[in-house]
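Some notes on the structure that comes next.
The values are calculated or read from the model by the stated rules, or taken from the named source; none is laboratory data. Keep in mind it's a predicted model, so treat the numbers as computed, not measured. For neighbour counting, all protein chains shown are included, and Cβ atoms are generated from backbone atoms with ideal geometry for every residue, glycine included.
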Amino acid sequence: MVKFSELRKGDYVLANSDGRIWMGEVTSFNNDEKEIGVNDGLQEFFFKGEDLNPVPVSDDTLMKLRFTKEINTDGSVKYKKGAFRLLTPEKDNFSNFEVWYKDEKRLILHPIGLHQLQNHYLDMTKVHLTDQPM
């Protein structure tokens, strides 16, 4: 489940539509009904928060968002997109990590969904995190 208040336009979520789960982009909000519009690439569908799940942050999702990856000698992995950085303690371990942009640094001490990472990115860079190249 994803909270209505956590989402912003452009966030990626997993939508459950009659047992079919697919990744889509949040495109609109119906505040009266607390429904979230999600586009599957062809059209928009509306969902309640309980029908949406977070996309896990993973190496695969970061690569799809056009991050570059640098494996450090200590086993940690640094992901870069522009001046934004994400550092994991070891390969494929996104249970806690650091993000920073210029002089602002944040410690993430528990697994988060991709939409939450997108919100950190937006708060820090003032640009929405998408799969578009820098």
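For the reader, a short list of remarks on this structure follows.
- Taken over the stretch 65-86, the residue count meeting the criterion of being touching a residue at least 12 places away in the same chain (Cβ under 8 Å) and in a strand (DSSP E or B) is 9.
- Within the stretch 39-64, the residues that satisfy the criterion of being in contact with a Leu (Cβ under 9 Å, 6 or more places away or on another chain) and in a loop (DSSP other than H, G, I, E, B) are VAL55, VAL57, SER58.
- Matching residues in the stretch 107-131 - criterion: being touching a strand residue (DSSP E or B) at 6+ places or on another chain (Cβ under 8 Å) and free of Cβ contacts under 8 Å to residues at least 60 places away in the same chain: LEU107, ILE108, PRO111, ILE112, HIS120, TYR121, MET124, THR125
- Residue check, VAL57 crowded, with 16+ Cβ neighbours inside 10 Å, in contact (Cβ under 8 Å) with a residue 12 or more places away in the chain and either out of contact with any helix residue (DSSP H, G or I) (no Cβ under 6 Å at 6 or more places or on another chain) or more than 23 Å from PHE4 (Cα to Cα) (or both): no
Matching residues to (1) of a type in the set (Val, Ile, Thr); (2) at pLDDT 95 or above; (3) part of a strand (DSSP E or B):
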| position | (1), (2), (3) |
| --- | --- |
| VAL13 | yes, yes, yes |
| ASN16 | no, no, yes |
| ILE21 | yes, no, yes |
| GLU33 | no, no, no |
| GLY37 | no, yes, yes |
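- Qualifying residues in the stretch 88-106 (those that are without any contact (Cβ under 8 Å) to a residue 12 or more places away in the chain and more than 15 Å from THR61 (Cα to Cα)) - the one surrounded by the most Cβ atoms within 10 Å (Cβ to Cβ): PHE97
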